[in-house]
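The values are calculated or read from the model by the stated rules, or taken from the named source; none is laboratory data. Just so we're clear, the structure is a prediction, and the values are computed from it rather than from any experiment. Every residue, glycine as well, gets a Cβ built from its backbone with ideal geometry; the counts of neighbours run over all protein chains shown.
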């Protein structure tokens, strides 16, 4: 049938900024991620904590969306959302998820596969209380992923929640909203190289230890 849009197929960039060697990376993937994340911050990458979260629904279909990383711990990567959302319902059924970070300014990406669990309620309470007032009201008002007739429905709900808490600066986190942590089992660091001969270093958790290996591009 041939390629229909040859102008799209012709889009390419030759990557040549950095290299990545298996002897230069740190022993633990989260430590290596922290190093790269700090470099992304220093390079002023646009929203360096933006990541693609992919889940699997109960009917077996994968689904992806961009969420924001909110914490890096030795045990994993944390984010927050509505438990009743599409992704929340998927993670309730299937704990296997993946994360993807792409930092084009550094010609880098990080792929993470692992298991997701809810964060303790006190962690979710703490983060919710730190959010701007409008974000907290929005989290309460929005029936995330549910079908609504129009935007006016959402704006009405925001008005009602705002009125409920108009004299309160602090108000409780709703039970349907909170945090998750992804504990990695496989992490790949990808560094773009010239002629598509990219550097790929993969960490795999086996028998209580992290195995480090190079992958062909």
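May I ask you to list the residues in the stretch 146-177 that are surrounded by 14 or more Cβ atoms within 10 Å (Cβ to Cβ) and within 22 Å of residue 68 (Cα to Cα)?
173, 174, 176, 177
For the stretch 52-142, list the strands (runs of 3 or more DSSP E) that sit wholly inside it and hold at least 3 residues that are within 26 Å of residue 154 (Cα to Cα) and without any contact (Cβ under 8 Å) to a residue 60 or more places away in the chain; which are they? Talk me through it step by step, then tell me what you get.
Working: elements: 62-68, 71-73, 76-82, 96-103, 108-118.
Because the criterion is at least 3 residues that are within 26 Å of residue 154 (Cα to Cα) and without any contact (Cβ under 8 Å) to a residue 60 or more places away in the chain, the strands (runs of 3 or more DSSP E) in the stretch 52-142 that meet it are 62-68.
Using the structure shown, decide if residue 41 is in a loop (DSSP other than H, G, I, E, B), under 22 Å from residue 75 (Cα atoms) and free of Cβ contacts under 8 Å to residues at least 24 places away in the same chain. Write out each step before concluding.
Numbers: in a loop (DSSP other than H, G, I, E, B): no; under 22 Å from residue 75 (Cα atoms): yes; free of Cβ contacts under 8 Å to residues at least 24 places away in the same chain: yes.
Spelling it out, it is not the case that residue 41 is in a loop (DSSP other than H, G, I, E, B), under 22 Å from residue 75 (Cα atoms) and free of Cβ contacts under 8 Å to residues at least 24 places away in the same chain.
If residue 58 satisfies all but one of (1) modelled with pLDDT of 95 or more; (2) in contact with a helix residue (DSSP H, G or I) (Cβ under 6 Å, 6 or more places away or on another chain); (3) exposed (fewer than 12 other Cβ atoms within 10 Å of the Cβ), what's the number of the condition it fails?
So residue 58 meets the others, but not (1).
Is there any pair with a first residue in the stretch 159-176 that is under 15 Å from residue 143 (Cα atoms) and a second that is part of a loop (DSSP other than H, G, I, E, B) whose Cβ atoms are under 7 Å apart and which are 6 or more apart or on different chains, and what are they?
Hits for this filter: 176/83; 176/84.
Filter the stretch 166-197 down to the residues that are part of a loop (DSSP other than H, G, I, E, B) and closer than 30 Å to residue 105 by Cα and list them by number.
If we filter the stretch 166-197 for residues that are part of a loop (DSSP other than H, G, I, E, B), which is where we start, we get 166-176, 192-193, 197.
192, 193, 197 - these are the residues of the stretch 166-197 that are part of a loop (DSSP other than H, G, I, E, B) and closer than 30 Å to residue 105 by Cα.
Checking residue 20 against (1) assigned to a loop (DSSP other than H, G, I, E, B); (2) farther than 26 Å from residue 140 by Cα; (3) out of contact with any strand residue (DSSP E or B) (no Cβ under 7 Å at 6 or more places or on another chain), only one condition comes out false. Which one?
(3)
Of the conditions (1) in contact with a strand residue (DSSP E or B) (Cβ under 6 Å, 6 or more places away or on another chain); (2) in a loop (DSSP other than H, G, I, E, B); (3) buried (at least 19 other Cβ atoms within 10 Å of the Cβ), residue 25 clears all except one; give me its number.
That leaves (3) as the condition not met.
Of all residues in the stretch 1-16, which are touching a helix residue (DSSP H, G or I) at 6+ places or on another chain (Cβ under 7 Å) and either part of a helix (DSSP H, G or I) or surrounded by 10 or more Cβ atoms within 10 Å (Cβ to Cβ) (or both)?
Going through the stretch 1-16, the residues touching a helix residue (DSSP H, G or I) at 6+ places or on another chain (Cβ under 7 Å) turn out to be 3, 14-16.
Within the stretch 1-16, 14, 15, 16 meet the criteria.
Would you check which residues across the stretch 111-147 are touching a helix residue (DSSP H, G or I) at 6+ places or on another chain (Cβ under 6 Å) and either farther than 26 Å from residue 162 by Cβ or at pLDDT below 95 (or both) and list them?
Step one: filter the stretch 111-147 for residues touching a helix residue (DSSP H, G or I) at 6+ places or on another chain (Cβ under 6 Å), giving 116, 137, 140-141, 145.
Of everything in the stretch 111-147, those that are touching a helix residue (DSSP H, G or I) at 6+ places or on another chain (Cβ under 6 Å) and either farther than 26 Å from residue 162 by Cβ or at pLDDT below 95 (or both) turn out to be 116, 145.
Go through 179, 192 for me and flag whichever is within 19 Å of residue 123 (Cα to Cα), under 24 Å from the mean Cα position of the chain (by Cα) and in contact (Cβ under 8 Å) with a residue 60 or more places away in the chain. If you could, list the steps in order and put the result at the bottom.
Details: 192 fails: within 19 Å of residue 123 (Cα to Cα).
Answer to the selection: 179.
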